[in-house]
Amino acid sequence: MTRLHDLSLAAQVEGLRAGDLSPAELTAHYLARIGRFADLGAFAEVTPDAARRRAAEITVGSERGPLWGVPLADKDLVARAGVPTRYGSRSRAAHVPAASDPLAAALDTAGAVNLGKTSTSEFGLTGFTEPRIHAPARDPWRPAAGAGGSSGGAAVAVAAGLLPAAVGSDGGGSIRIPSSTVGVVGLKPSRGRLPIGSGFDSPDGLSVTGPIARSAEDAGLLLDALVGIAPFRYATAAPGGGPFVDAARREPGALRIGVTTVSPWDDEEDIRLHADARAAFDTAAAWLSDAGHAVTDAEWHPVGYASLFHVLWRASAARIPLTAADMEFVEPLTAWLVQEGRRLSALELLDGLTAARAFERRTIADFSAFDAVLMPALAQVPQPVGAYAGHSPERTFAMQVEYAPYSSFVNVAGLPALTLPVTADATGHPVSVQMVGRPGGEAALLSLAAQLESRRGPLPHPPAWDD
């Protein structure tokens, strides 16, 4: 028997349009599942009454955007009027915004039904989602392990069938790290690809908005919707269609694929590639070669990355509007980052930004011979909840790098990247790889990902899926 959460996002959009499904029906189903699996920590706030009202209101409305009736949620970094928006921080425990951020407003205009807020790390600063203000986001395959971050709640919700897809943000791997941890598809778009969360919203240019989904097709469908979003107006291709979902539905031609296990942190941190991650990488490379692509070593040897990223990471924290009184309520790592960021001189910041742009140019040039570059998604297996607690800020940072050394450089380079599960370990837990594309190369990544999914076949779902 097919249950509603067994249906793909694409199938739900089609069913809603055809009248075979209703917004109220889907909303009720997902709200029930969210309540049932609250111990996974996917949600920071659930708004059932508002969601049911919204589902009823849009059913009688005349305009039906491309996400009409689809249950979604905001990451808890996105303000929504009248809904607690805490940014994963005790310093914002009582914050209820009067106005919505453009992304929340635009998703409403596109017809989505908002169910609440997915959990995030404090101000989205870390690659794990274990804020002190609420329960940690847990890997639905192994609930004793964390889900990664900072879009950890969104990735858990998709993996456990609590949402059909989700919108996350990625400033250093925050979509791809949790998606790889829990075994779903995570897509970081190119800088400038989207009208909202474009990467041009801040001086460092790191953070972009992007989709988390169960398949390349669903990621492409949601990306099409996001690309068409403007703050208060929606205009794009017909629902269920568009260039990115179409790319995921067609076979790619023979492409040039670079492969590497090099990370830009290799000379600075103790990067050790786990055997399962290596096996997934080798398997994906072999499958791509079997499919007729030209697969060769990328010959990539980045230098000088660690120092520039340390500057960018601290600078991003410095911009968080925290007063001296607020600092009493934030977590030690956040306080340290903010203080260190505010100590940066203008010259240090400019030197860091200059180095970042030079790194961007070099990386684009190094990867220019390829349509996509394949590399591991993560270096280690999912870490236990609490693994990052009790360490110095410097050690916590190093541990995150050791776990996900292949993520943040993509943000600095402004390139698109997609992670997807290709194999499973001895316990059935999915293991992912990452493909990095050319500037604006999301379509090629989606087409390649769909080809790998076809070769891989269906993966099992985590236990919560069928409970």
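The values are calculated or read from the model by the stated rules, or taken from the named source; none is laboratory data. None of these values were measured; they are calculated from a predicted model. For neighbour counting, all protein chains shown are included, and Cβ atoms are generated from backbone atoms with ideal geometry for every residue, glycine included.
Looking only at residues in the stretch 167-206 that are surrounded by fewer than 24 Cβ atoms within 10 Å (Cβ to Cβ), among the polar types (S, T, N, Q) and in a loop (DSSP other than H, G, I, E, B), the one that is modelled with the highest pLDDT is SER190. If you go through the stretch 412-444 and keep only what is among the β-branched types (Val, Ile, Thr) and within 26 Å of ALA160 (Cβ to Cβ), you end up with THR419, VAL422, THR423, THR427, VAL431, VAL433.
Tell me, please, whether a residue that is out of contact with any helix residue (DSSP H, G or I) (no Cβ under 7 Å at 6 or more places or on another chain), modelled with pLDDT under 95, surrounded by fewer than 17 Cβ atoms within 10 Å (Cβ to Cβ) and over 16 Å from LEU255 (Cα atoms) can be found in the stretch 436-458. The answer is yes; a qualifying residue exists. Considering GLY88, GLY65, the condition of being under 19 Å from the mean Cα position of the chain (by Cα), in a loop (DSSP other than H, G, I, E, B) and farther than 16 Å from ARG52 by Cα is satisfied by GLY88 alone. Condition test on TRP313, is it hydrophobic (A, V, I, L, M, F, W, C) and under 18 Å from ALA372 (Cβ atoms)? Against the criterion (hydrophobic (A, V, I, L, M, F, W, C) and under 18 Å from ALA372 (Cβ atoms)), TRP313 does not qualify. With respect to (1) surrounded by 21 or more Cβ atoms within 10 Å (Cβ to Cβ); (2) not in a helix (DSSP H, G or I), the lone exception for LEU21 is condition (1).
From the list ALA298, ALA286, ALA355, which residue is buried (at least 17 other Cβ atoms within 10 Å of the Cβ), at pLDDT 95 or above and touching a strand residue (DSSP E or B) at 6+ places or on another chain (Cβ under 9 Å)? The unique qualifying residue is ALA298.
Considering only the stretch 423-453, state which residues are small (Gly, Ala, Ser) and in a helix (DSSP H, G or I). Correct list: ALA443, ALA444, SER447, ALA449, ALA450.
Number of residues in the stretch 90-117 that are in contact with a Phe, Trp or Tyr (Cβ under 6 Å, 6 or more places away or on another chain) and either of a type in the set (Ser, Thr, Tyr) or closer than 19 Å to ILE175 by Cα (or both): the value is 3.
Of all residues in the stretch 44-64, those satisfying the criterion of being closer than 25 Å to ASP76 by Cβ and among the hydrophobic types (A, V, I, L, M, F, W, C) are ALA44, VAL46, ALA50, ALA51, ALA55, ILE58.
Within the stretch 133-160, being small (Gly, Ala, Ser) and surrounded by fewer than 24 Cβ atoms within 10 Å (Cβ to Cβ) holds for ALA135, ALA144, ALA145.
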